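Let me begin by presenting the structure, written as structure tokens, before commenting on it.
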């Protein structure tokens, strides 16, 4: 049976009801009700109306001589981060949305506008305007998380409405092949399709992660879920709020891991006129360091360069014919939807 890594935002199928019993170990809270009561107002459900493109659907009526694509709905989650109505969710929840509707914990429904989105980290920020006071969640320091710590996952699974599940941090730094920038927290708190974009809370009510994916052979929770750590997410959210996008460094190269198992990133292609091409790099050369720091592979190079501000000069250590030379390169600005 093949395992699948699944984004959690899109689903309308409902599984059979199930129940489970468990005991809390010594040292755990006797009840999570006070914690849930504290954080629940900051958790929201998100419904997205999007164009399906009309594939396999009944043709829509003509308007102005053009067929109007049918609309489909999908569900996800998010959490409020400011009293002004800013909400964090996953990019895959709102990507392609024609309309975004947010359901607050009290049932109030509000239309949201996109503030900014970043597909490479799967993070988006939307905004609502409410006549009622909003209670935001707050970030916590994910670097203080330890394997075995309790975690409370929240969201809108299967579009049922806000729900809470308890588990522990199972592992840290998981690379699940869902983009080059996120090393995920793994948690065993049950999360399911529709939980995407929802918060993972510590026992003090701080957000330590954004629930984003599961590994499952069936599409439902098997106790292996993944959250973007808060320390990775918060800076991206800040840039999206300030600029609507994330400015990232770019070399203009396609890279791969070396076939011989050595460290570095092999240049498999260059963008004509890109920073690497202008600096004189060539195909088949291997980038082994960036500013003296060793590069572990293609993803390592992508992360190192993407974390730098466009316009910065870097020194690349490059291996060619068993010799290493050092080359200065001015980092460019990463074009939208173009790989490193």
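Any read-out appearing in this document is the output of simple, stated calculations on the displayed coordinates, not a laboratory observation. Remember, it's a predicted structure, so these values are computed and weren't measured experimentally. As a convention, Cβ positions derive from the backbone with ideal geometry for all residues, glycine included, and neighbour counts pool all protein chains shown.
Summary table below
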quantity: At R0 = 56 Å, FRET efficiency that the Cβ-Cβ distance of residue 245 and residue 323 yields, to 0.05; calculated: 0.90
quantity: Per-residue Cβ neighbour rank within 10 angstrom, fewest leading, 325, 79, 201; calculated: 325, 79, 201
quantity: Protection proxy ranking of 135-148, 297-310, 207-220 - average other beta-carbon atoms within 10 Å, highest first; calculated: 207-220, 297-310, 135-148
quantity: Kirkwood hydrodynamic radius (C-alpha pairs) into Stokes-Einstein, region 249-333, 10 °C and 1.306 mPa s, D in µm²/s; calculated: 129 µm²/s
quantity: Difference of contour (0.36 nm per residue) and Cα-Cα distance, residue 296 to residue 144; calculated: 52.2 nm
quantity: Least to most buried among 131, 31 (fewest other Cβ within 10 Å first); calculated: 131, 31
quantity: Rel. contact order, % - alpha carbon contacts under 8 angstrom, at least six apart, region 88-169; calculated: 21 percent
quantity: Residues listed by number, region 295-312, amide nitrogen under 17 Å from residue 238 label point at 7 Å toward C-beta; calculated: 307-310
quantity: Inter-label distance for residue 130 and residue 30, nm, one decimal - labels placed 7 Å from Cα along Cα-to-Cβ; calculated: 3.2 nm
quantity: Distance between modelled label sites at residue 333 and residue 312, nm, 7 Å Cα→Cβ extension; calculated: 1.7 nm
quantity: Computed lengthening from residue 37 to residue 183, 0.36 nm per intervening residue step minus Cα-Cα distance; calculated: 49.5 nm
